[in-house]
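> For reference, the structure I am asking about is given below.
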Amino acid sequence: DAGVIQSPRHEVTEMGQEVTLRCKPISGHDYLFWYRQTMMRGLELLIYFNNNVPIDDSGMPEDRFSAKMPNASFSTLKIQPSEPRDSAVYFCASSSPTSNYGYTFGSGTRLTVV
Amino acid sequence: GQNIDQPTEMTATEGAIVQINCTYQTSGFNGLFWYQQHAGEAPTFLSYNVLDGLEEKGRFSSFLSRSKGYSYLLLKELQMKDSASYLCAVRDRTNAGKSTFGDGTTLTVKP
């Protein structure tokens, strides 16, 4: 298994631009999570899905953030418009009952908004 | 809700043993995970405890006491490569697929 695959690995964009982060979970995993990590705030849960359905998006900072999971093998996190304070590492993770719901994280996307 | 406490930083010497503690207060408990995160990398799974006692896996062991809301990660024969952040995470009882993470303990191993 290739693990959780995220793209791009790095993204540098100008303030005001739209940013789309992508994630392919491990096949068969029924939970998918989007996290954001910064030195100041640590690991923050943004949103998570169960069987492609959003369960809790209370961690999404504001309306500029949106996430979708159109099928079991793909999810996106979109920021529109982006702001410098959105600069962080964004992780996608998936889990399943076969691993007691331990998380497998993707390599992350390092986003820099200038 | 969940409240998870870990020390922010620890320092230890190569070859020594270090114990990283985690205490939690939760509205429901369904298991506890430890993850390792090297600088610039993603967290990776280390261990899972759902029953009281010690789980050993090579140089790493994890202990759980549900009655005390307490866990620790024990690292033996420390190596320089063990310098990393160690995250404690408690699995939600009502939503089994979701875990709440502590802020992590940054361990520095010195020669």
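> Could you quote the convex hull projected area for the protein assembly as shown, Cα atoms only and averaged over all directions, in nm²? Walk me through the numbers before you get to the answer.
On the way: hull surface 49.2 nm².
The directionally averaged projection comes out at 12.3 nm².
> Local charge sum around residue B:2 (other residues, Cβ-Cβ under 13 Å, Lys/Arg +1, Asp/Glu -1)? Write down the numbers at each step before the final one.
Values: positive: B:91, B:93, B:98; negative: B:5, B:92, B:103.
Net charge around residue B:2: 0.
> Here is a further query. Sort all Cα-Cα distances of the stretch A:46-114 into consecutive 5 angstrom bins from zero, then give the percent of pairs in each bin up to the one containing the longest distance.
4, 14, 23, 27, 18, 9, 4, 1, 0
> Taking the beta-carbon count within 10 Å as an exposure proxy, list B:80, A:60 from fewest neighbours to most. Present the calculation step by step, with values, prior to reporting the outcome.
Working: B:80 10, A:60 18.
Ranking B:80, A:60 by Cβ neighbours within 10 Å, fewest first, gives B:80, A:60.
> Please give the Cα centre distance for the stretch B:67-104 versus the stretch A:1-55, rounded to the nearest Å.
21 Å
> Cβ under 10 Å from residue A:88's Cβ, residue A:88 left aside: what net charge do those residues give with Lys, Arg +1 and Asp, Glu -1? Write down the numbers at each step before the final one.
On the way: positive: A:36, A:41, A:85, A:110; negative: A:44, A:86.
Net of charged neighbours comes to +2.
> Could you tell me the calculated FRET efficiency between residue A:100 and residue A:17, based on Cβ-Cβ distance and R0 = 30 angstrom, to the nearest 0.05?
Details: r = 40 Å, r/R0 = 1.33.
The formula returns an efficiency of 0.15 here.
> Once Rh is set to the Kirkwood radius over Cα pairs, what Stokes-Einstein translational diffusion coefficient, in µm²/s, holds for the stretch B:44-102 at a temperature of 20 °C and a viscosity of 1.002 mPa s?
Working: Rh = 12.7 Å.
Rounded, D is 168 µm²/s.
> With label points built 7 Å along Cα→Cβ from the Cα atoms of residue B:59 and residue B:14, find their separation and express it in nm.
1.1 nm
> Counting every Cα pair in chain B, what percent are over 16 Å apart? If you can, show how the numbers build up before the last one.
Working: 3394 of 6105 pairs.
Roughly 56 percent, once rounded to a whole number.
> Starting from the amide H of residue B:92, placed 1.01 Å from N in the peptide plane, find each other amide H under 5 Å away whose residue is 5 or more places distant or on another chain.
B:98, B:99, B:100
> Mind scanning B:76/B:110; A:24/B:98; B:81/B:110; A:68/B:98; B:57/B:98; B:57/B:110 and naming the pairs with a C-alpha gap bigger than 21 Å? Write out the running numbers ahead of the final one.
Details: B:76/B:110 14 Å; A:24/B:98 18 Å; B:81/B:110 10 Å; A:68/B:98 18 Å; B:57/B:98 24 Å; B:57/B:110 23 Å.
The pairs that break the limit, which is 21 Å between Cα atoms, are B:57/B:98; B:57/B:110.
> Lys and Arg at +1, Asp and Glu at -1: add these up for the other residues within a Cβ distance under 15 Å of residue B:41 and post the number.
Local net charge: +2.
Quick note: the coordinates plus some simple rules give every number you see, no bench work behind them. These figures come from a predicted structure and were not determined experimentally. Virtual Cβ from ideal backbone geometry, glycine too; neighbours counted across all protein chains shown.
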